[in-house]
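J.: My questions all concern the structure below.
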Amino acid sequence: MKPNTQQLNDLTIQVRRDILRMVHAVNSGHPGGSLGCTEFLVALYQNLMERKEGFDMDGIGEDLFFLSNGHISPVFYSVLARSGYFPVAELATFRLINCRLQGHPTTHDGLPGIRMASGSLGQGLSVGIGAAQAKKLNNDKHLVYTLHGDGELQEGQNWEAIMYASAKKVDNLIATIDLNGKQIDGTTDEVLSMGSVKAKFEAFDWIVLEIKEGNNIDAIKAGLADAKSKSGNGKPVCILLHTEMGNGVDFMMHTHAWHGKAPNDEQLAKALEQNVETLGDY
């Protein structure tokens, strides 16, 4: 049985605690974007995706997810662990030498749930398209989901993939763009303005949906269900997810400063006070 909204919100708060404690413990990592995408990944893995028990790289007969903006690994690792892919206690090894939870996800350590290495930005859509086309060749009716940062769209490879997906009618693919308007050096408008991302995807002949409340579990559930219903119509589907970087921690919100900076002891304590333990810390 799928968890209800309260259970999903409880998990979201616990995942936030995981993110904050993981980056604090090693004084490195990317909390801002991780916190902004927490509700999305919780809803995707716990409510929407059709997943099999266990993990194998082929992923036949189940939905697949590829994280393209790999620097938000803290949220990805936490959601994977709390969805049963590997022990929650292993989150304590984040970014340590010779651990499986590297700063950017990698496949060669065999961590269950990781389907691509994504330290280098701009590549996830290409990988997702390949997996989606493989599903078509295998007559597998399941879907492929990808997640990308908005600043990541400044990488050129994305646009080759965006053009290819519509030209080849890859309609079993749902790509989500985390539209928080911020990247490492400032706002996306300051660094390299992309204008209307919606207009760009529509110009490339994608179906485009927007989730205006990208940090609201119910809004995300409705938006994902809508996107899934629009798959299989001859066009790839794009979700524009409007999020707040650093969501859930007041001093991390409304700034790009926490893109890749860990909180100190005092800041961690303040952040954890705002996210009271729900499911138990690792």
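Please treat every number below as a calculation from the coordinates, not as lab data. Since we're looking at a predicted model, the values are computed, not measured. For neighbour counting, all protein chains shown are included, and Cβ atoms are generated from backbone atoms with ideal geometry for every residue, glycine included.
J.: Is it the case that some residue within the range 224-242 is farther than 20 Å from Asn172 by Cβ and without any contact (Cβ under 8 Å) to a residue 40 or more places away in the chain?
T.: First, the residues of the range 224-242 that are farther than 20 Å from Asn172 by Cβ: 242.
So of that shortlist, the ones also without any contact (Cβ under 8 Å) to a residue 40 or more places away in the chain come out as none.
Scanning the range 224-242 turns up no residue that is farther than 20 Å from Asn172 by Cβ and without any contact (Cβ under 8 Å) to a residue 40 or more places away in the chain.
J.: Filter the range 213-248 down to the residues that are among the aliphatic types (A, V, I, L, M) and surrounded by fewer than 19 Cβ atoms within 10 Å (Cβ to Cβ), then identify the one that is farthest from Glu273 (Cα to Cα). Outline the logic, then answer.
T.: Looking only at the range 213-248, we keep the residues that are among the aliphatic types (A, V, I, L, M), and these are 217, 219-220, 222, 224-225, 227, 237, 239-241, 245.
After this cut, where a residue has to be surrounded by fewer than 19 Cβ atoms within 10 Å (Cβ to Cβ) as well, the list is 219, 222, 225.
On the way: Ala219: 26, Ala222: 30, Ala225: 33 Å.
Per the stated criteria, the residue is Ala225.
J.: For the range 157-215, give me the residue count where each residue is among the basic types (Lys, Arg) and at positive phi.
T.: Summing the residues that are among the basic types (Lys, Arg) and at positive phi in the range 157-215 gives 1.
J.: Filter the range 144-174 for residues that are among the polar types (S, T, N, Q) and more than 30 Å from His256 (Cα to Cα) and give the result.
T.: Taking the range 144-174 first, the residues among the polar types (S, T, N, Q) are 146, 154, 157-158, 166, 172.
Ser166, Asn172, listed by residue number.
J.: Within the range 30-47, can you find the residues that are surrounded by fewer than 24 Cβ atoms within 10 Å (Cβ to Cβ) and more than 15 Å from His148 (Cα to Cα)?
T.: Tyr45, Gln46, Asn47 - these are the residues of the range 30-47 that are surrounded by fewer than 24 Cβ atoms within 10 Å (Cβ to Cβ) and more than 15 Å from His148 (Cα to Cα).
J.: If you take just the helices (runs of 4 or more DSSP H) that sit entirely in the range 150-227, which of them hold at least 3 residues that are among the aliphatic types (A, V, I, L, M) and within 20 Å of Phe65 (Cα to Cα)?
T.: Working: elements: 157-167, 188-192, 197-203.
Counting at least 3 such residues, we get 157-167.
J.: Let me ask something additional. Looking at (1) within 13 Å of the chain's Cα centre (by Cα); (2) over 24 Å from Lys270 (Cβ atoms); (3) hydroxyl-bearing (Ser, Thr, Tyr), find the lone condition where Thr5 falls short.
T.: Every listed condition holds for Thr5 apart from (1).
J.: Could you tell me which numbered condition Leu101 fails, if it satisfies all but one of (1) surrounded by fewer than 24 Cβ atoms within 10 Å (Cβ to Cβ); (2) assigned to a loop (DSSP other than H, G, I, E, B)?
T.: Failing condition for Leu101: (1).
J.: I would also like to ask the following. Taking into account only those residues within the range 180-210 that are surrounded by 20 or more Cβ atoms within 10 Å (Cβ to Cβ) and touching a residue at least 60 places away in the same chain (Cβ under 8 Å), which is farthest from Glu244 (Cα to Cα)?
T.: Ranking the candidates gives Gln183 first.
J.: Just name the residue that is farthest from the chain's Cα centre (by Cα) out of those in the range 249-267 that are surrounded by 17 or more Cβ atoms within 10 Å (Cβ to Cβ) and not in a loop (DSSP other than H, G, I, E, B).
T.: Step by step, filter the range 249-267, then rank; the result is Gln267.
J.: Here is a further query. State yes or no: is Gly61 in contact with an Asp or Glu (Cβ under 8 Å, 6 or more places away or on another chain), among the small types (Gly, Ala, Ser) and surrounded by fewer than 24 Cβ atoms within 10 Å (Cβ to Cβ)?
T.: Numbers: in contact with an Asp or Glu (Cβ under 8 Å, 6 or more places away or on another chain): yes; among the small types (Gly, Ala, Ser): yes; surrounded by fewer than 24 Cβ atoms within 10 Å (Cβ to Cβ): yes.
Answer is yes for this residue.
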